[in-house]
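Any read-out appearing in this document is the output of simple, stated calculations on the displayed coordinates, not a laboratory observation. In this text, all values refer to a predicted model and were calculated from it rather than measured experimentally. A quick note on method: Cβ atoms are made from the backbone with ideal geometry, for glycine too, and the neighbour counts reach across all protein chains shown.
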Amino acid sequence: MTSEEKEFLFYAVMGYDYLKRMKHLSGDTLASLCKKAFPTINYEIYRSKIKNIRSLANKYKQEFGGKEAFCKWYVEQYDKQHGRCAYCGVSEAKCRHFFEQQRPDALVGSKRVRGFHLELEHKKANLHGHKENCVLACYVCNNAKSDFLSEEDFKTIAAGISAFWEKK
Ligand SMILES: [Zn+2]
């Protein structure tokens, strides 16, 4: 990700009021503010990703010490992982493409459907409140990694999931 994309995602997830206040902008919608603040970025292609990060932020904000802290962590972590699952290495773009074929109507409307985006994974299942214990993982890995499996144990399973994605 470019630094502009990182900044864009951060502000877009933080939302309309935050962006308006921090960048001293005016406009009717978040999309219109984003167009002013980040003219080279096409807001529309990020719409479902922004929704996804926002729902993660709402779910995990307490654990990360606030929505802002979560969003900062997310964009850095996503960039560090090059937009790929921490376990099997599949790209989020590939997950999205695969699930779009499976469920073409899934992103229409407000219902939340898993699979399209990377999810937050706790490497040690019972260790909460530590950013270093969190990574982003694909839906398949997140579902497969039961609480009793360590990161090390999961390596052989992740290799199988990686082979699954290779064939798609
Ligand atoms: Zn994975």
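Applying D = kT/(6 pi eta Rh) to the range 3-117, where Rh is the Kirkwood radius over alpha-carbon pairs, T corresponds to 20 °C and eta to 1.002 mPa s, the Stokes-Einstein value obtained is 142 µm²/s.
Dimensions of the range 81-168 along the principal axes, based on C-alpha atoms and rounded to the nearest Å, stand at 36, 30, 23, largest first. Positive contributions from Lys and Arg (+1) and negative ones from Asp and Glu (-1), summed over other residues with Cβ under 15 Å from the Cβ of His24, come out at +3. Candidates Met22, Phe10, Ser32 compared by Cα position along the dipole of the range 1-48: farthest toward the positive end lies Met22, with charges placed on Cβ. In percent, rounded to a whole number, the relative contact order of the range 49-168 is 25, using alpha-carbon pairs under 8 Å and six or more apart.
Fully extending the segment from Ala93 to Asn42 would add 16.7 nm, taking 0.36 nm per residue of separation and subtracting the current Cα-Cα distance. The slack between Asp17 and Lys131, meaning 0.36 nm per residue of separation minus the straight C-alpha distance, is 38.4 nm. Other residues within the sphere of radius under 9 Å centred on the Cβ of Asp79, judged by their own Cβ, net out at 0 (K and R +1, D and E -1). Calculated from the alpha-carbon coordinates, the range 11-52 shows an Rg and a Dmax of 9.5, 26 Å respectively. Counted residue by residue at 0.36 nm each, then reduced by the alpha carbon distance between them, the extension gain from Thr29 to Lys155 reaches 41.0 nm.
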